[in-house]
Amino acid sequence: MTTAISMTGLTKHYKGVDALTDLTLDVPAGTVFGFLGPNGAGKTTALKVLAGLARATAGGATVGGVPVSAAGEHRRQLGYLAQDPRFYGWMTGRETLRHVARFRGVDKNREPWIASLLDRVGIAEAADRRTSTYSGGMRQRLGIAQALVGRPAVVLLDEPVSALDPIGRKDVLDLMRELKGETTVFYSTHILDDVERVSDHVAILDHGRLVKAAPTHVLLGSFTKNTLRVILGGAIETTEAGIRGLPGVATVTVVSRTGADTTFDVTTKPGASSDVQRSITRFAVEAGLTLISNSEETLDLETVFLRLIDQKEVAA
Amino acid sequence: MTAQSVAIGPITASPGRGGMFLGFGNSLRKELTEWTRGPKVLIIAGISALGAVFMTLIPFIAKASGETEAAGMTSMDPTANVLLVFAGQTIAFIVVVATMALLSSERDRGTLAWSLTNPVSPTSIIAAKYIAAMLVITVTAIVLPLAVSSGVATVAYGGLPNFAIVGTYAGLYLMLPAFFVAVTIGFGTAIKSTAGVAGAAFAVMFVPQILGGILPIVNELSPTSIGNWALAVAKGQPASPLTLVGWLVSMVVIAVGAKLVFDRQEV
């Protein structure tokens with residue numbers, strides 16, 4: 001898999017503040033990569049360094065293989081949406097996209113392309129209004145369109161849904177999902193649910209340091225509860241004891257009984273989940289029970305996040 | 001967002017010129033459009049044209065009112081009166097007021113940061129601002145008032161001015177707005193507030209005059225004297241080359257300083 005963004009030892013210190021410390025991270029091409037962290041973790045700083053709006057104190061980065069520099073060459077490779085996007089108030093939305101398109105050398109089919117983008121982000125009706133009349137949500141939508149207008153290899157989105165209402169938030173998340181495979185989306189957020197919904201990769205940042213980076217499913221899978229949720233049809237009084245007797249099982253709890261179905265939470269000894277799952281399958285067959293479910297319970301991202309980051313710091 | 005899903009592309013993207021002037025053409029287009037859509041062009045043109053009419057007619061009015069000797073301006077020569085158009089600090093003042101917010105307002109509005117997320121170099125942004133401002137000022141504050149003044153002088157003083165002298169003066173006098181636009185943009189790269197830029201630019205305008213009262217060499221060396229130098233050259237009078245040297249050195253220092261500061265700036 002090729003790398004769209006590569007950060008090596010990226011460090012940014014302001015006076016008295018270590019905003020980013022030795023961040024080394026590769027973002028695979030074509031992914032939707034969530035950059036997660038509490039407020040003040042350094043997410044915006046990292047994105048600004050990548051966009052060339054701030055200079056790294058140490059380390060370096062490449063975007064689409066082009067080194068990040070103040071000269072701006074690497075910005076041919078990326079589209080950027082700021083946390084609170086601002087545009088020239090005297091330009092209309094369409095003119096704003098036209099302006100960006102010219103910067104990015106989009107010549108042929110420019111007008112239909114701009115019209116399609118305005119439609120895609122849902123501001124086609126306001127396309128010929130001055131942006132000074134736009135609401136925050138409309139600016140955010142225009143910001144996403146302008147980030148895409150040059151069809152960049154990488155799109156950097158800084159808190160893309162934070163200013164949006166629930167409908168706008170859903171629209172933008174859907175759009176981000178659609179972009180998977182078309183371009184690389186690297187976005188910052190502190191909304192865990194959004195990351196879980198749209199990101200195939202996630203990196204967690206805290207106090208300017210990378211805490212963890214992994215594919216989302218791997219990250220979530222690596223933090224199991226050592227608990228299996230087992231639903232058996234036809235279970236009887238002795239079934240619970242039978243499961244408890246299987247090797248690797250620590251505890252068994254009956255969660256509910258619905259008709260003939262009984263739900264158990266089976267806690268396993270560390271590292272024994274897979275073996276216990278197989279044993280339960282065999283047990284059900286031998287006991288003539290119907291195995292409806294036998295799955296490992298995983299943690300949601302919020303729990304993983306809180307485990308990785310000191311909860312007191314998050315609260316602060 | 002609509003339910004329609006429009007695929008990204010196909011589009012044709014042709015990378016423009018890169019390097020130090022990456023994105024310059026589009027930046028210049030934007031700057032010129034912004035100037036022409038705003039009220040500043042009309043205000044500058046109006047003030048300049050009215051000022052030109054007034055300055056050109058001073059001897060005519062003085063003569064008509066019988067106060068020519070008191071006014072100390074007795075020439076009825078059309079050329080001499082057209083050359084009065086830029087007397088005083090009017091142009092420098094107009095230039096400073098018109099350009100003092102070129103960078104600071106963009107910084108305040110957040111559009112400077114946005115612009116810099118596009119493939120455009122910081123040098124292109126300030127170069128485009130400089131050239132656009134100079135084009136606008138050349139037309140509205142130099143060419144227009146001279147044209148108006150020439151017309152008024154022809155009618156009021158009964159003859160065409162000497163266009164060779166007037167043209168030479170206009171061409172050389174451009175160095176004065178060129179200097180003050182450079183000053184406001186140069187200061188704008190380092191000073192974040194509009195008031196700060198204006199204060200610094202007005203200091204550049206007036207401090208050399210004050211110092212020149214004590215040390216005459218300051219007047220000769222100061223780039224703010226380039227207007228007087230231009231007038232002297234146009235009239236064929238002696239003009240100190242030190243003024244031209246001072247102007248050239250100042251422009252280079254401002255250009256290099258502004259680039260170095262702006263390239264390192266974080267927005």
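Every number here is computed from the coordinates shown, using simple stated rules; none is lab data. Owing to the predicted nature of the structure, the values given are computational and were not obtained by experimental measurement. Reconstructed Cβ throughout: ideal geometry from the backbone, glycine too, with neighbour counts over all protein chains shown.
Which one of B:Asn228, B:Asn162, B:Asn81 has the biggest mean-square fluctuation once chain B is modelled by GNM with Cα springs under 10 Å?
Its mean-square fluctuation being the largest, the pick is B:Asn162.
Relative contact order for the range A:12-114: what is it in percent, counting Cα pairs under 8 Å that are at least 6 residues apart?
Value for the range A:12-114: 16 percent.
Compute, for the protein assembly as shown, the length of the dipole vector about the Cα centre, with Cβ point charges of +1 (Lys, Arg) and -1 (Asp, Glu) only. Units Debye, rounded to 20.
980
Helix A:136-148 against the longest principal axis of chain A: what's the angle in degrees, Cα atoms only, rounded to the nearest 10?
That works out to roughly 80 degrees.
Using Cα-Cα distances under 8 Å and only pairs 6 or more residues apart, what relative contact order does the range A:219-285 have, in percent?
With pairs under 8 Å counted, the relative contact order is 37 percent.
Taking the alpha-carbon distance from A:Lys43 and a cut-off under 16 Å, which lysines remain once sequence neighbours fewer than 8 residues away in the same chain are dropped?
Excluding near neighbours in sequence, the set is A:Lys12, A:Lys212.
Pop out the ³J(HN,Hα) list for the range A:77-84 in order, Karplus 6.51 cos²θ - 1.76 cosθ + 1.60 with θ = phi - 60°, rounded to Hz; leave Gly and Pro as x.
Whole-Hz 3J(HN,Hα) from phi for the range A:77-84: 8, 9, x, 9, 10, 6, 4, 10.
Top mean-square fluctuation among A:Val198, A:Val266, A:Val255, Gaussian network model of chain A, C-alpha springs under 10 Å?
The residue that fluctuates most here is A:Val255.
Ordered by residue, what ³J(HN,Hα) values in Hz, to whole numbers, does the range B:54-62 give under the Karplus form 6.51 cos²θ - 1.76 cosθ + 1.60, where θ = phi - 60° and Gly and Pro are x?
With the stated coefficients, the range B:54-62 comes to 5, 4, 5, 8, 3, x, 4, 5, 4 Hz.
Pop a pseudo-label 7 angstrom from the Cα along the beta-carbon direction at both B:Ala203 and B:Gln237 and give the gap in nm to one decimal.
Between B:Ala203 and B:Gln237, the label points sit 3.2 nm apart.
Starting from 0 in steps of 10 Å, tell me what percent of the Cα-Cα pairs of the protein assembly as shown lands in each bin.
Pair shares across the bins are 3, 14, 19, 17, 14, 11, 8, 5, 3, 2, 2, 1, 0.
Taking the Cα centroid of the range A:203-264 and of the range A:28-106, what is the distance between the two, rounded to the nearest whole Å?
Going from one Cα centre to the other spans 42 Å.
Note down the nm distance, to one decimal, between modelled labels 7 Å out along Cα→Cβ at A:Thr238 and at A:Ala250.
For A:Thr238 paired with A:Ala250, the spin-label model returns 2.8 nm.
GNM on chain A, C-alpha springs below 10 Å: top fluctuator among A:Glu196, A:Glu240, A:Glu159?
A:Glu240
Which lysines does B:Lys192 reach when only Cα atoms under 17 Å apart count, and residues fewer than 8 places away in its own chain are ignored?
B:Lys129, B:Lys259
Please average, across the residues of B:106-117, the number of beta carbons from any other chain that are within 10 Å of each residue's own beta carbon, and give a whole number.
Working: counts 2, 0, 1, 4, 5, 6, 2, 7, 12, 5, 7, 17.
Average per residue, whole number: 6.
By how many degrees, between 0 and 90 and to the nearest 10, does the Cα long axis of helix A:110-120 differ from the longest principal axis of chain A?
Taking the Cα atoms of chain A, the angle to A:110-120 is about 40 degrees.
Could you list the chymotrypsin sites (Phe, Trp or Tyr not before Pro) in the range B:185-234 that lie in coil according to DSSP, counting only those with at most 13 other Cβ atoms within 10 Å of their Cβ? Before the final figure, lay out the partial values.
Details: sites: B:Phe187, B:Phe202, B:Phe206, B:Trp229; in loops: none.
Nothing satisfies the criteria.
Report, to two decimal places, the Cα Rg of the range B:158-228 normalised by 2.2 N^0.38 Å (N = number of residues).
Here the answer is 1.40, to two decimals.
Given R₀ = 60 Å, what would the calculated FRET efficiency be for B:Ser75 paired with A:Val17, taking r from the Cβ atoms and rounding to 0.05? Can you show the working numbers first?
On the way: r = 67 Å, r/R0 = 1.11.
The formula returns an efficiency of 0.35 here.
Among B:Leu160, A:Leu289, A:Leu205, which comes first, second and so on when ranked by fewest other beta-carbon atoms within 10 Å?
B:Leu160, A:Leu289, A:Leu205
According to the square roots a ≥ b ≥ c of the eigenvalues of the Cα gyration tensor, what is the shape class of the range B:116-262, taking rounded for a/c under 1.5, prolate for a/b larger than b/c otherwise, and oblate for the remainder?
Oblate.
Among A:Trp113, A:His99, A:Leu175, which residue has its Cα furthest toward the positive end of the charge dipole of the protein assembly as shown, with +1 on Lys/Arg Cβ and -1 on Asp/Glu Cβ?
Highest projection toward the positive end goes to A:His99.
Would you mind calculating the gained length between A:Ser293 and A:Thr281 on full extension (0.36 nm times residue separation, minus the Cα-Cα distance), in nm to one decimal?
Contour length minus Cα-Cα distance gives 3.4 nm.
Quick one: helix A:166-179 against the long Cα principal axis of chain A, what's the angle to the nearest 10°, folded into 0 to 90?
Result, in degrees: 90.
Assuming 1.567 mPa s and 4 °C, estimate D for the range A:130-261 with Stokes-Einstein, Rh taken as the Kirkwood radius over Cα pairs, in µm²/s.
Roughly 69 µm²/s, to the nearest whole number.
Just the C-alpha atoms of the range A:216-310: what Rg/Rh do they give, with Rh taken as the Kirkwood radius?
Expressed as Rg/Rh, it is 1.03.
Compute the distribution of all C-alpha to C-alpha distances in the range A:209-265, in bins of 5 Å from 0, and list the percent of pairs in each, rounded to whole numbers.
It works out to 4, 15, 22, 16, 11, 10, 9, 6, 4, 2, 0, in whole percents.
Over chain A, what number does the Rg to Rh ratio reach, with both radii from the alpha-carbon atoms and Rh per Kirkwood? Before the final figure, lay out the partial values.
Values: Rg = 24.5 Å, Rh = 22.1 Å.
Rg divided by Rh gives 1.11.
For the residue pair A:Thr258 and B:Arg109, what label-to-label distance in nm results when each label sits 7 Å from Cα along the Cα-to-beta-carbon direction?
Each label point lies 7 Å from its Cα, and together they span 5.8 nm.
Treating only the Cα positions of chain B as identical point scatterers, give the base-10 log of I(q)/I(0) from the Debye formula at each q in 0.09, 0.11, 0.14 Å⁻¹.
Evaluating at q = 0.09, 0.11, 0.14 Å⁻¹ gives log10 I(q)/I(0) of -0.50, -0.70, -1.02.
Over the whole of A:50-61, what's the average partner chain Cβ count within 10 Å per residue? Rounded to a whole number, please.
Numbers: counts 0, 4, 7, 8, 3, 4, 0, 0, 0, 0, 0, 0.
Going residue by residue through A:50-61 and averaging, the value is 2.
Chain B: longest stretch without exposed GluC sites (Glu not before Pro) (DSSP loop, at most 15 other Cβ within 10 Å), sites themselves excluded?
Longest run free of exposed loop sites: B:68-265.
Let me know the shape class of the range A:162-219, please: from the alpha-carbon gyration tensor, a ≥ b ≥ c as square roots of the eigenvalues, rounded when a/c is under 1.5, otherwise prolate if a/b is greater than b/c, or oblate.
oblate
Would you kindly calculate the translational diffusion coefficient of the range A:53-166, applying Stokes-Einstein with the Kirkwood radius from alpha carbon pairs, for 4 °C and a viscosity of 1.567 mPa s, and quote it in µm² s⁻¹ without decimals? Display every interim value, and only then the final one.
Values: Rh = 14.7 Å.
In µm²/s, the coefficient rounds to 88.
For the range B:183-267, just the Cα atoms, rotate onto the principal axes and tell me the three extents in Å, largest first.
Its Cα atoms span 49, 22, 20 Å along the three principal axes.
Any idea what the relative contact order of chain A is, in percent, if you count C-alpha pairs under 8 Å spaced at least 6 apart?
19
Average partner chain C-beta neighbours within 10 Å, per residue of B:118-127?
Counting Cβ atoms of other protein chains within 10 Å of each residue's Cβ and averaging gives 5.
For the range B:35-161, what is the convex hull volume of the alpha-carbon atoms per residue, in Å³?
Hull volume over Cα atoms, normalised by residue count, gives 115 Å³.
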